1. Only strands (runs of 3 or more DSSP E) wholly contained in the range A:664-763 count here; list those with 1 or more residues that are within 14 Å of chain B (Cβ to nearest Cβ), touching a helix residue (DSSP H, G or I) at 6+ places or on another chain (Cβ under 6 Å) and among the β-branched types (Val, Ile, Thr).
2. Does any residue of the range B:172-182 turn out to be free of Cβ contacts under 8 Å to residues at least 60 places away in the same chain, within 14 Å of chain A (Cβ to nearest Cβ), surrounded by fewer than 23 Cβ atoms within 10 Å (Cβ to Cβ) and within 23 Å of B:Glu222 (Cα to Cα)?
3. Say we look at the range A:228-262 and pick out the residues that are among the charged types (D, E, K, R) and outside any strand (DSSP E or B); which of these is surrounded by the fewest Cβ atoms within 10 Å (Cβ to Cβ)?
4. For the range A:858-881, how many residues meet the condition of being within 14 Å of A:Ala935 (Cα to Cα) and either in contact with a Gly (Cβ under 8 Å, 6 or more places away or on another chain) or surrounded by fewer than 17 Cβ atoms within 10 Å (Cβ to Cβ) (or both)?
5. Does the range A:152-165 contain any residue that is crowded, with 16+ Cβ neighbours inside 10 Å, out of contact with any Cys (no Cβ under 6 Å at 6 or more places or on another chain) and within 14 Å of chain B (Cβ to nearest Cβ)?
6. Output the number of residues of the range A:433-452 satisfying the condition of being in a strand (DSSP E or B), surrounded by fewer than 22 Cβ atoms within 10 Å (Cβ to Cβ) and of a type in the set (Gly, Ala, Ser).
7. Yes or no: A:Arg918 surrounded by 18 or more Cβ atoms within 10 Å (Cβ to Cβ), in a strand (DSSP E or B) and free of Cβ contacts under 8 Å to residues at least 40 places away in the same chain?
8. Going through A:Gly417, A:Gly393 one at a time, which residue ends up being surrounded by fewer than 21 Cβ atoms within 10 Å (Cβ to Cβ), modelled with pLDDT of 95 or more and touching a helix residue (DSSP H, G or I) at 6+ places or on another chain (Cβ under 9 Å)?
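The values are calculated or read from the model by the stated rules, or taken from the named source; none is laboratory data. What you see is a predicted model; the values in this text were computed from it and never measured. Because the Cβ atoms are built from the backbone with ideal geometry, glycine has one as well, and the counts that use them run over all protein chains shown.
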Amino acid sequence: MTSMVETGGVNRLPDSFGRLIDRKRRVAFSFEGREIEGFAGDTIAAALAANDQWVLSRSFKYRRPRGILTMAGQDSNTLVQIGAEPNVLADRRIIEPALGVMGQNYDGSLEADRGNVIELFGRFLPVGFYYKTFYKRGSWKFWEKIIRGRAGLGKVDLAAHHGYFDKQYLFADVAVVGGGPAGLSAALQAAEAGAEVILIDEWPALGGSLCYARLGREGDAAFNLAEKLAAQVKAKGNIHVLSDATCTGWFADNWLAIVKGSRFYKLRARSVVMATGSLEQPAVFRNNDLPGVMQGTAAQRLIRLYGVRPGRKAVVLAANDDAYGVALDLGDAGCEVQAVVDLREQVPETAMVHATRGRGVPILAGYAVTEAIPGTAKLGILGAAAARIAREGETDGAAAVFECDLLCMSTGYSPAGQILHHAGTKFTYDHAANMFQPAILPPHVFAAGSVNGTYAMEAVLAEGRRIGWAAAQDAGFARGTEPPAVTGDRGSFGQTHAWPIFPHKAGKDFVDFDEDLQVKDLVNGIADGYDDIELLKRYSTVGMGPSQGRHSAVAAVRVLAKETATDLATLSVTTQRPPYVPEKFGHLAGRVFEPERHTAMHHRHHELGARMMVAGLWYRPAFYGKPEDRDQAIREEVQAVRSNVGLIDVSTLGGLDIRGPDAAEFLNRLYTFTYAKQPVGRSRYVLMCDQTGAIIDDGVACRIHDEHFYVTATTSGVDGVYRLMLQWNAQWRLDVDVANVTAAYAGVNIAGPRAREVLAKVCHDVDLGPEAFPYMGVRLGSVAGIPARLLRVGFVGELGYEIHAPASQGEALWDALMAAGGTAGIRPFGVEAQRVLRLEKGHIIIGQDTDGLTHPFEADMAWAIAKNKAYFMGGRSIAIQTARPLTRKLVGFTLEDPSAPVPEECHLTVRNGEITGRVTSAVRSPTLDRVIGLAYVAPDQAAEGANFDIKIAGGRLIKGRVVKLPFYDPETKRQEM
Amino acid sequence: MAAIEPHAQLRRSFVYRKLRDLGARFETVNSGAVAIDFGKAAAEMETANLLGLADLSPLPRTGFKGAGAVEWLQSQGLQIGAESNRGYRQPGGELALRLAPSEIFLIDSLAGSGALIERLNQAWSWGSEKPRKLIGYPMPRADSHAWFALSGRAAPEMFAKICGIDLRLDKFEGGRIAQTSIAKMSGIILRQDQGATPVFHLLADSASADYLWEALLDAMAEFGGAPVGLSALRGLA
């Protein structure tokens, strides 16, 4: 027996064990408030096991103590909480200094859980509990508090700090998933063939099972092979190894999702080799879930990877030769093996069996473990009861008890084929091997090693070479000679027992540890009529926990096959979907790229104290001033424009250059007005409807040249308008070029009675006089030395000039106009003031005063429709609509009661309790000192002076009165000054 | 050339405040204020070889598109090959990016004299012929697009964090163009190495330049990447 080393825990083994730990670096952390010391490289579970702490958490349903099962992060037994992070896999998370680890799912303390009392009431929680309970009226009321109190795994901290997560693309000719012997062999061969290879492996060291398993009598043969293969991989320049990385899913066209730390990789490969290995399966017997009962490979991982003795006295439940490797390894680690209980009637006398016998370990052939004997409070086990197998799943009942604190299960495997499932691989059950195996692989996807049913090491390596070459060839590389096909026995027979399930009359024989499901639960579920595996899954929740059926799916199918007397070969496990392991929302979110668009004057607005508002991706000044002064600021901005001069940034307005011989014809077809005879130097309103006749955008078309229109569009509408233009241009094949120049032009509107006076100070090459440059005129010139397109527009109802200039000079343009307006008291104004100003003028805003169904006649826009055009987009629909009576009409209104509150957008207009329309805009006008607004009303209530009711907040009705538009300056003299 | 304040110019970079905050020294290049360096010339050269980000937005550029555009540019002496999504180097060092059969995005050399671009902008006119000869239409590329350059050996790996195109040096050779999504924005990437150093020119929405600059710096941080001046980029040649 090897001598024990106290350092790093009472169960720590000497230096020859523990490949992943660095004994020179001690790491202290806490578990349940108790200080624990481990070594760098230890996982939480390994360090705790080294310190004789075997209970890690409690089960979700019955709160049974749980400990190490796989040591591979494949089960939910080891889920712990670290600070704000719940559900951390204790058998995979590496310890760090000062890590504060707590168990999950208990009330009181981990080792004395008050909630464990529920186990006593287990019979009142039958399979299909939800199905059987909640169809009864009132049952939810009774159960809600109990269920909410116990629901969820771990504790979510709603104030948790946002971590730094990101994503990265990867590209490869061949991707190999799994760094075990098959994966290493495949990667080497694919690289040899000339392919660029990415090898993805979950572990910090390459080698897979070679790092912990035992090949034959000599303990180090496997590891020596791992080191040799890993060195060859490292020497290859065209193999990129991603260690500590988990492939979580396969998606179309060989797109692999990979999680490594806080990064989410998106790998695109021409071909993929799945060498994901196999998952050792637990046997089913009473108390098979307690701490101290673990898989043989888990014990080997503890010994070889972390240098931890898994127990003091052990029993090995066997059904294959690997179990004897476990027995030998346990012996090497100083653990007293009491017996090997082998399910097989005939045990082949292999080298490892022989060696086990040689150590004096009793081998009980044809026996099963019927029960693990629990210790105090089920925190561990005291022994294992074994009995002779009488027939499938049954023993003769006369049990012998072996004293032990460790019971290792080595009774078989199932392919880790989840990602192959994602790719659409068909699996079939092989009765000879007692395992599901991949039968039909999709194109460009390959499988090698035990996931493919190949277990014999020489065959695994040969298959890896063969498949690596095939994958490279599939990716377009074929350097070297094709390795020979693997023939003969691949070692899949005798690995897995056909029926390692021994139900106990007292139950607690768990098939699914996540959900605490016992054999009888599945049997009862099937008896309840859920006799299809997909139905049984949903009814019983088998396979629905965090480990997603990795250890329960095959056992559940076996039980189903038996209970329904169905051939297993006709069944399959439930559908496997990504992700293979949990992905955090942080992984999926990554850096959360959210582009923002800033106008050229964006920073000037901030400097002037603007409160910004979002318009699509754009940021626009809502108003200038403190939030608490909002209303006052808006009023003052409105007054500045009405009585003096204001400046607004309109850069976000869409800008489209339409150029070519057919430019006017193009606009004629797209917009409702006519443009063929529009003079150069003039702008004209544009109104766009979709094919159903609904209004979708508006703006102005400025004719800069006979063949050139500069068309504006709404901030949020321009991208859609541009897309429509490209689509129709391609269809109509007119001689027109369409360019979206929105970002290229900054724009301002200088508006107010003194606008001309201010502009004249910096614009010397355009005659700004009312005759030379009238309302709706367009000029090219320069402002403060900056080339500009000048438009006389009237959106706010005052003398105004829109100036569109190159974006790179937009800030300089703003600076020049603010400086020029300094003595006049120019004031910047924001979108809020503009909305008031335009409403006073009765102008609609598309999308606010219209909706997805508004046609021009409803919106009182008939004036914008050309009467004699052969065609325009939506024209036919509008003609049909106008032939029918109107159902609503947009009108201007004011309130009969001047003291009534201002209605809000979308407050309803009603008549006799029936909805007739809605308010679209409303404001108390600073200029007119009364409430003004736009609303849809019934057509017979749309005449000037008609009254209608508005239902405001709280259900109160207030009286509106229809007013002729515009509210302000009805003769439009001010904007035409 | 004497250092200047960027806002002394009418034409300003879309990210000049960020550059100024990082300690950039500006010089005038063709009436635009360019971040020439950040006061650490030698270190910037090293960074430029590893992973540098330079703002070239003030340098001249233009574009022409539409029927007849390429033929007209060729008649003006430009050397433009038949393949789209390639950048064609001109004798003066300018690069004509053929984005489509009838679309050219022309960027100046790092000298930034703007001579060719100015000549073309002047040469283009509607003309008076009837019917008019189709020669394409000018595009305001100096204003629609910010212009950044990413240099250095770590650039492809950095791009892999924000862009789905395989830009590894042996897969995306010099002269190739990708019109793609970068940090969720539409953009144009052209690889045009300076000497032995890989350089990727990035042209994207000028209105989102602030956002893109920050997204790039964030993606660059793990590689030790940092902003560099035009001077370092020129020094790579």
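1. A:737-740
2. yes
3. Checked the range A:228-262; the qualifying residue surrounded by the fewest Cβ atoms within 10 Å (Cβ to Cβ) is A:Asp253.
4. Here the count works out to 0.
5. yes
6. Counting residues in the range A:433-452 that are in a strand (DSSP E or B), surrounded by fewer than 22 Cβ atoms within 10 Å (Cβ to Cβ) and of a type in the set (Gly, Ala, Ser) gives 1.
7. yes
8. Unique residue meeting the criteria: A:Gly393.
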